[in-house]
Every structure is written in structure tokens, then in C-alpha cells.
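Step one of this worksheet: look at the structure below.
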Amino acid sequence: MENSDSVSISNTIYSLPSQGGGGGESVGCESVSTGESVSLPLYYREIFYPGDTLYYTAHEGPSYGVAGDPIPYTIHGDSLLTLLLILSFVVLTVSVAQSRRFIGRQLKDFFYISRNDSNISETSLEIRFQFFLVILSCLLMAIATQQYVTKYITETFIVDSELIVISIFFAVYLGFQFFKGLSYTIVNLVFFGKRLNQFWMKMLLFIGASQGMLLFPAILLIAYFNLSLKSAAFYLSFILFFTEILTIYKGWSIFFRQNGGFLQYFLYFCTLEIIPLLSLVAGIGVLIDDLKYNF
């Protein structure tokens, strides 16, 4: 037939009128061989061959189709990550409820300096609680980094799973915390002695634990309440800046307040805090370039 399309279904040729509708509609067509009328849905893709013939199968629909867009990765769609966050929320809630006196005492000791403060002992439960929060802080920073990279840098990585990307960032942040604590311990044991070093490590652990508690609400808002990344970035930047200020204050009050030595403390803080932090930022940038596809 001239100026019309034809469809081959089960060895029967149907003639179609010119198509002007969208997917999901139906058009009437007439069997050339039998003369009966049928109705075909318009969710097929037009494949033109010489003679303007379109081929279909009777039981499977169109032989050719358009590949759909992949579903974007979301935290709330990841079952494993959601389970980890739920368990972390439960543990955090129970631990805070049982450690209210400890948190209050630590806050009081943080701003009140006494030479006998380093003799205050902590229970094993309190120490485990703080270590858990430091590890949680590393996980939250890894999630925030992955969300930022996916939103503003690239959506495709050389690894197949977004969970692997988060795990890599988590390992980097956890390794940074370990290296930072080891560096402080070595330097402080050499220059200030065991007693002050123990007190400083307790305060540093408490600062890291506090950072984990403050970061947790922001990550939950990003994951489950669609908080914009710009607002979250401002909040996370404020938390990181605030914890750095607390670290500067506490280091000064423990090691250098009585002896003065502003220049010595500046060198101390830059060597053990600023330079490692800048190295971490640079390393994350290099890691992102290695993980993303470079077309």
C-alpha cells in the first residue's frame, strides 16, 4: 500500500495510518490478508527500513526499544547504609541517655583548667562510646563527600557501586584520624610528658566525639528530608570550623597558657593540625580524580 506504514505480526500484515500520537495510545489498523480490524498500542519505537516497514512480535511487543535512564543513587534507597544509620541512631540515643553525667562533666572540664584534671578517669563504656562517635563521624563525612562529588563533580565512577565509593572515603577519613592521634602522641610525649599527653588525648577524643554527634542530624536531613547540599555544606563547614577552634583553645590552655610561647604554639598547631588537614583535602581531591571517569 502506498503512503502508509505496515506492521508484520504473526505473519499477518497490518496497515497503520500515519502516527501522530504518543506512547500509551491506540490506533486502529486493518489486516491486509484477512480484512479484520485490530487495535495496536503506540508504545513502540518506529524502526524504518526500505519500504517503510515496521516489524513487531505478537507476544513480546516491539522488537526494539529505548533503554531507560538508570535510577539515581540515593542514601535512603540503599538498604545497607540505611540499616547502618538506623543502628547508629539507636546506639547514639541510648549512649547519650546513659552518659549524660559524663558529657556534662567533660563540658565542665573543657572550659575549666586545673592541674588535677588529667587524673580524672573514664570508664571503659565512656571510652568506647567516644570511639564509636569518632568512627561515626568518619562515616558521616564519607557520606557527605560522596553526595557533594555526585552533585557537583561527577555521577560516574570507575567502581560499580556507590557504596564502595563511600567505603573508600570512610577508610581515608578513619586513617587520617589514626595518623593525627599518633602524631600528637609522639610529639607530646617528647616535649610535654605522659601526664599532659593523656589529658590532651582525652580532650581530643571528646572533641571528635562531639563532632560526630553534631554531624549526624545534618546527614539524616540530607538523606531522608531532602535538605539542600548548599545548606548542609554551610552547616558542616560551621561544625568543622567550630571544632577546630575548640582544638586550638584546648591545646593552648593545656600546653602553652602558663609558659606563653605564642610562636611555639603556632608552629606546634600548624605542624600537627593545619598541615595534615590541608594534606587531607589535597589527597581527597586526587582520590576523586582517580575515581571518576576521565573522558
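The values are calculated or read from the model by the stated rules, or taken from the named source; none is laboratory data. The structure presented is a predicted model; accordingly, all values stated were derived computationally and were not measured. As a convention, Cβ positions derive from the backbone with ideal geometry for all residues, glycine included, and neighbour counts pool all protein chains shown. Please note that ligands, DNA and RNA were not included when accessible areas were found on the heavy atoms of the full protein model with its side chains. Shrake-Rupley method; radii C 1.70, N 1.55, O 1.52, S 1.80 Å.
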Inset, instruction - Let me know the Rg and Dmax you get for the range 86-195 when you use only its Cα atoms, in Å. - result: 18.3, 54
Legend entry - Neighbour net charge for S95 - beta-carbon separation under 13 angstrom, K R +1, D E -1: +2
Legend entry - P(r), alpha carbons of the range 136-295 - 5 Å bins starting at zero, rounded %: 1, 8, 15, 20, 18, 14, 10, 7, 5, 2, 0, 0
Legend entry - In the range 148-295, lysine pairs closer than 23 Å at Cα, eight or more apart or cross-chain: 9
Legend entry - Estimated D of the range 135-227 in µm² per second, where Rh is the Kirkwood radius over Cα pairs and Stokes-Einstein applies at 37 °C, 0.692 mPa s: 218
Legend entry - Within the accessible area of the range 152-295 (1.4 Å probe), percent carbon and sulfur: 72
Inset, instruction - Could you estimate the translational diffusion coefficient of the range 143-183 from the Stokes-Einstein equation, with Rh from the Kirkwood formula over C-alpha pairs, at 4 °C and 1.567 mPa s, in whole µm²/s? - result: 116
Legend entry - Separation between Cα centres of the range 175-237 and the range 70-96, rounded to whole Å: 20
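Report D for the range 215-286 in µm² per second (integer): Stokes-Einstein, Kirkwood Rh on Cα pairs, 20 °C, 1.002 mPa s.
Working: Rh = 14.4 Å.
Calculated translational D: 149 µm²/s.
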